[in-house]
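Taking it in order: structure first as structure tokens, then the write-up.
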Amino acid sequence: MPIGRIDGTILLGNWTTFMDIAKAISRQHIVQAVKIGVAGVVSVLAAELLRLPQGYWAAISAFVVMGTDVGTTIPASRDRLIGTGIGAVLGAVFATFWGVHLVSFGFAVAATALVCESLGFGQNYRMACVTVAIVMLIKTPVSPWKASTHRFLEVALGIVVALVISALPPKSVGNP
């Protein structure tokens, strides 16, 4: 937050100027920023081409999993895909058999966390529960199974885009 001006230069806390901030940005930061931007655009365009209804989930997934290189993107991609798959199935099951209301949603989230843990995917419960919430709480004119399939496909698409773009040159050296 700016705290003052001297000779047209906006000052921040500790007398840091925007020029000091700009000097701290490396080539690797710029490369990563461009790759993230490209991944978002390509994800949305691909989702539109495939006629997926909410292509922004593809872009969000690409942003969530994209690391500085393909080596850091793979584990995040795996975890997001597993969590999304579990959440999509359980969200659709609960919505189909017990309806879409807060009580069934609460049970679905708890069951999802327990299923993730029992299958050895303990840390994947976060993405699984997010997917349950999306499937069960966002109103859609399609069946829960179709909505959950759309979410899974949109997430998978974003992951594929992130993996491809993170593997493209130039390679980042270290974390930006």
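Structural remarks
- Arg51 versus Leu119: modelled label distance in nm, points set 7 Å from Cα along the beta carbon direction: 2.9 nm
- Taking a straight line from the alpha carbon of Lys35, these aspartates and glutamates sit under 18 Å away, with near neighbours fewer than eight places off in the same chain left out: Asp69.
- Maximal additional length on extending the Leu137-Lys23 stretch stands at 36.6 nm, based on 0.36 nm per residue less the C-alpha distance.
- log₁₀ of I(q)/I(0) at q = 0.10, 0.14, 0.18 Å⁻¹ - region 46-176, Debye sum with one point per alpha carbon: -0.33, -0.61, -0.92
- Using R0 = 41 Å, the C-beta based FRET efficiency linking Ala111 and Ile30 works out to 0.40.
- Between the alpha-carbon centres of region 99-176 and region 49-83 there is a gap of 10 Å.
- Packing, as the average of other Cβ atoms within 10 Å across residues, places the peptides 129-135, 101-107 in the order 129-135, 101-107, highest first.
- Environment charge of Ala92, counting only residues whose C-beta is closer than 13 Å and scoring Lys/Arg +1, Asp/Glu -1: +2
- Measuring nothing but how far apart in sequence close Cα pairs (under 8 Å, 6+ apart) lie, relative to its length, region 14-119 scores a relative contact order of 15 percent.
Values in this text are rule-based calculations from the coordinates and carry no lab data. Bear in mind the structure is a predicted one, so any value in this text is a computation, not a measurement. We place every Cβ from the backbone using ideal geometry, glycine too, and count neighbours over all the protein chains shown.
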